[in-house]
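As structure tokens, the structure follows; a few thoughts come after it.
Rule-based calculations on the coordinates, nothing more; no lab input. Everything quoted here is computed from the prediction, not taken from an experiment. As a convention, Cβ positions derive from the backbone with ideal geometry for all residues, glycine included, and neighbour counts pool all protein chains shown.
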Amino acid sequence: MKKLAIVTGASRGLGLATSEALAQRGYKVVMAMRNPEKAQKVINNLKMKDLDVVAMKLDVAQEKSINDFVEAFRREYGFVDVLVNNAGIFIDNEEGGDKSVFKTKASTIQKTLATNTIGPFLLTQKLFPLMKQEGYGRIVNVSSGMGQLGEMDGAYAAYRMSKTALNVVTRVFAAEAGGADVLVNSICPGWVKTDMGGQGANRTIDQGIKGILWAATLPKGGPNGGFFRDGEPIEW
């Protein structure tokens with residue numbers, strides 16, 4: 001039986017590339033996204049390459065959407081091997097918080113945490129038991145070096161807070177494995193040329209997904225509860 005992966009934020013950028021790469025490795029990939037209808041061309045292109053992918057609607061910022069997604073997913077499949085929590089937003093620069101923490105709005109923090117932290121938390125909370133039941137699972141939280149405590153400054157506070165908190169999500173769920181082969185890790189893809197990262201970024205999408213794929217396909221006995229870039233540990 002094929003291994004089954006869920007990738008959130010899969011309509012573009014790192015999520016799309018990760019979905020394609022996992023499918024090329026023989027996984028069936030559920031590409032979770034807010035607007036599957038708008039991404040139909042993308043899905044069709046992957047299917048034309050004989051890749052086993054399917055789109056499902058999911059807005060990770062909305063708890064009802066998460067509940068609906070999980071219910072539909074469990075009804076259709078009943079198990080999951082890999083969860084890549086990739087969906088994220090970076091809106092500090094749109095809402096005035098890109099220069100100073102003193103300009104960061106509460107609404108920016110709330111919206112950013114909803115997508116970048118609470119959504120992955122809830123999705124992991126609901127799918128982790130399926131992995132533990134099967135005795136196998138790989139959970140990849142796509143984090144950022146901007147969440148490293150040793151690298152903080154006052155700009156982009158909402159995004160930084162959300163990624164630091166996402167690393168806590170990694171740690172608390174990693175502690176719940178209880179001897180099962182369920183590995184939960186945070187991955188920093190680096191500054192990648194995507195719609196979010198911009199064209200000034202210093203890494204390609206292929207470079208960005210390298211660590212994500214590594215964590216998604218770790219062998220038994222691999223690291224659990226760590227923070228990595230390109231398969232190498234980095235400081236929290």
Hey, can you grab everything whose amide H is under 5 Å from the amide H of V184? Only 5+ residues off in sequence or another chain; H modelled, so Pro and N-termini drop out.
I139, G225
Distances longer than 34 Å among the Cα atoms of the range 4-233: what percent of all pairs is that?
9
Step by step: find N for the range 1-87, compute 2.2 N^0.38 Å, then divide the Cα radius of gyration by it. What's the final number?
0.98
So for the range 4-233: antiparallel DSSP bridges make up what percent, rounded to the nearest 5?
5
Quick one: putting +1 on the C-beta of Lys and Arg, -1 on the C-beta of Asp and Glu, what dipole do you get for the range 4-233 around its Cα centre, in Debye to the nearest 20?
160
Taking a cut-off of 23 Å between Cα atoms, list the lysines near K3, but don't count ones fewer than 8 places away on the same chain.
K28, K47, K49, K57, K126, K132, K210, K220
Hey, got a sec? Which chymotrypsin sites (Phe, Trp or Tyr not before Pro) in the range 68-149 land in a DSSP loop and have at most 15 other Cβ atoms within 10 Å?
Y77
Residue-by-residue Karplus 3J(HN,Hα) for the range 103-115, coefficients 6.51, -1.76, 1.60, Hz, glycine and proline x:
9, 6, 8, 4, 5, 5, 5, 4, 5, 5, 5, 4, 7
Extension gain, K47 back to F102 (0.36 nm per residue minus Cα-Cα distance, nm)
15.0 nm
Computed magnitude of the charge dipole of the range 75-142 (debye, nearest 20; Cβ of K, R +1, Cβ of D, E -1)
180
Aspartates and glutamates with Cα under 14 Å of K64, excluding same-chain neighbours fewer than 8 positions away
none
What is the distance in Å between the Cα centroid of the range 110-152 and that of the range 75-108?
11
Can you order the peptides 43-52, 108-117, 214-223 by their average number of other Cβ atoms within 10 Å per residue, highest first?
108-117, 214-223, 43-52
